[in-house]
Amino acid sequence: MNININMNLVYQLVKNVLKIVTLSIVSHTVIAKTPLVEVRIKDHLFFPSEVIVPADTKVKLLVINDDTTAEEFESYELNREKIIMGNRKSIIFIGPLKAGKYPFFGEFYPKTAQGVIIAQ
Amino acid sequence: MLLTAIIIVLREVLEAALLISLLASVRRYLDIKFIHFFTALSLGCIGAYVYAENLSSISELFDYTGQEWVNSTMHLGIYLFLGLFTVFLRLNKENMQRLKVWMRLLMLAPVALIVIREGSEVYIYINSFFQTDRPVFPVVVGSIIGSSIGLSIGVLIYYTLLSCSLKIRFLTVKIALSVIACSVLSQAVALLLQADVLYSYPSLWDTSEYLSEESVIGQLLYAMIGYEATPAPQQAIAYAGGLVLIAFGVLLNKYYGYKNNVDC
C-alpha cells in the first residue's frame, strides 16, 4: 500500500517537473510569436509614456536608453527591475497581464521618468 | 535629487547592513575577527566595481538577459551559503571550532556577494552623475545620508543582538537568516521570470491595496522579509520550499547532534 502511495507521489513529481520543463521550453520556442513593444528613454523621460499591450499575453519589452547615463526600469506592479546602461538597449519580459494599468518608473530619475503599461 | 539619492542608497545599504549585523553578532563564537569581515567587504567592493564597469556587455549576453542570469546566480549563491550557515550554526563551541574554516566561508561569501549585488547598483547610480553636467553635490550628500542611516540601523541591530542572551541571539539570527535567504531565493526566481527562463503565470495574490510596496513600511518589509504585494506562484513556492529545506536541515543536524551527544 505504502509502495503504491510512494509510486504515485514519484509519478506526480516527475509529471510536474516535466510540465515545468516543457512549459519553459515552450516559452522559448514561442519567442518569435511574443509581441515586441519598444520603449525609449530620452532626457530621463519614457517614450511613449503610455504603453499599450495585449491583455493575457506575454510581451517582450525592448527598452532603448538614448541617454548617456544609466537608468533603472522599475515597476512594483509588474515585479520588474533592471538597469539599462547609457546608450544601450535591453529586453524585459512582462505578463501575461490582466486588463488594467501597471505603472513603471526610472528609479534613478523618478520625478521625470514615469510611465504606465496599459493591458487591454 | 537629494531625497532620491537617500532612498536609493538607503534601500541598497539596508539589505547589506541587516545581513552583516546578523552575521557579525555571532562572529566571536566562531572565532571570526572584524578583519575577516573587512576582507569580505573589500572583495565585495572590488567585485561591485568590476561588475558595474562590465554591466553593459554582461547585459547583452544570452539575448539581453545576461544581467538576470548573473544576478539570479548571485542570489542563489547567497541562499545556499546562508542556508548552510543556518543549518550548521549551533550553540556548541567544540563543534563550531571543528567547522571553523567552513563556517567562515559560509559567513563571509554571502557578505561579499550581497556587497557586489547592492554595491554595483549604488556605484552605477552615483557614477552616472559624474558623466553629466548635472549637480553632483546633492547626490553625494544624499548617498552619505542614505548609507549613514542604513549603517546606523545595522549597528543598532548588532548591539541589540549582543545585549541578548546567547540562546536568544542564536535563535533570532537563525530565524532572520532563514527568512533573508528565502527572500533572496524568491528574488532569484523573479529574475528568471523576467528573463523568460521560467513560464510566467498571473500573480498569486495582490495585497497592494492594503500594503503597497512603494510605502515606507512596504520597502522596509521588502528589505527585511522580501515582502512582495504581487508575487508570482513560483516565487511563493521558492520562498516556502526554501524555508522547509532549511528547517529540515536544522532538524537533521539537531538529530545527529543528539545522536552524537552534542548540545544544540
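The values are calculated or read from the model by the stated rules, or taken from the named source; none is laboratory data. Quick caveat, the model's predicted, so the values are computed rather than measured. Positions of Cβ are generated from backbone atoms using ideal geometry, with glycine treated the same way; all protein chains shown enter the neighbour counts. The accessibility values were calculated without ligands, DNA or RNA, using every heavy atom of the protein model including side chains. Shrake-Rupley method; radii C 1.70, N 1.55, O 1.52, S 1.80 Å.
Remark on A:Glu38: its backbone amide H falls under 5 Å from those of A:Leu62, a criterion applied only to residues 5 or more positions apart or on other chains, H modelled at 1.01 Å from N. Does a label point 7 Å from the Cα of B:Lys167, set along Cα-to-beta-carbon, have any residues of the range B:79-108 with amide nitrogen under 15 Å, and which are they? Output list for this probe position: B:91-92.
One quarter of the convex hull surface built on the alpha carbon atoms of the protein assembly as shown amounts to 21.2 nm², the projected area averaged over directions. In plain terms, the chain from B:Met224 to B:Trp69 could stretch by 53.4 nm, reckoned as 0.36 nm per residue minus the Cα-Cα distance. Residues whose amide H falls under 5 Å from that of A:Arg80, counting only those 5 or more places apart or on a different chain, are A:Ser75, with hydrogens built in the peptide plane. The ratio of the alpha-carbon radius of gyration of the range B:1-84 to the globular-protein estimate 2.2 N^0.38 Å is 1.32. Of the DSSP H helices in chain B, those that are both long (alpha-carbon extent of 20 Å or more along the helix axis) and hydrophobic (Kyte-Doolittle mean at least -1.0) are B:2-24, B:34-53, B:66-88, B:100-130, B:137-163, B:166-194, B:233-259.
Based on every Cα atom in the range B:132-264, Rg and the maximum pairwise Cα distance Dmax equal 19.5, 67 Å. Take each residue in A:100-113, count the other chain C-beta atoms within 10 Å of its C-beta, and the mean is 2. Along its principal axes, the range A:71-120 has C-alpha extents of 32, 23, 15 angstrom, given from the largest down.
Contact residues in the range B:55-72 (at least 30 Å² less accessible area with all protein chains than alone, 1.4 Å probe): B:Ser56, B:Glu60, B:Asp63, B:Tyr64, B:Gln67. The Cα trace of the range A:25-120 gives Rg and Dmax of 12.9, 40 Å, the first to one decimal, the second as a whole number. For chain B, the Kirkwood hydrodynamic radius from C-alpha pairs, put into Stokes-Einstein at 10 °C and a viscosity of 1.306 mPa s, yields a diffusion coefficient of 81 µm² per second.
Taking both sides together, what accessible area is buried at the A/B interface, probe 1.4 Å, expressed in Å² and rounded to the nearest 100?
Summing both sides, the interface buries roughly 3400 Å².
Taking amide H as placed 1.01 Å from N in the peptide plane, A:Val51 has its amide H under 5 Å from the amide H of A:Val116, A:Ile117, A:Ile118, each at least 5 places away in sequence or on another chain.
Per-residue extension of 0.36 nm, minus the Cα-Cα distance of B:Val136 and B:Lys33, leaves a gain of 33.4 nm for this segment. The alpha carbon centroids of the range B:192-264 and the range A:37-84 are separated by 27 Å. Label separation (B:Leu61 vs B:Ile217): 4.1 nm, computed from points 7 Å beyond Cα along the C-beta direction. Mean residue ellipticity, 222 nm, helices only, chain B: the sum of -39500 (n - 2.57) across DSSP H runs of n ≥ 4, divided by residue count and rounded to 500, is -26500 deg cm²/dmol.
For the range B:63-138, the mean projected area of the C-alpha convex hull, equal to one quarter of the hull surface, is 8.0 nm².
Using only Cα coordinates, the Kirkwood hydrodynamic radius of the range B:11-140 works out to 16.1 Å. Carbon-plus-sulfur accessible fraction, the range B:132-248 (probe radius 1.4 Å, protein heavy atoms only): 76%. Sequentially through the range A:68-77, phi angles give Karplus couplings (6.51, -1.76, 1.60; θ = phi - 60°) of 7, 9, 6, 9, 10, 6, 9, 8, 5, 5 Hz, Gly and Pro residues having no value and appearing as x. Protein heavy-atom accessible surface, 1.4 Å probe, per residue over the protein assembly as shown: 50 Å².
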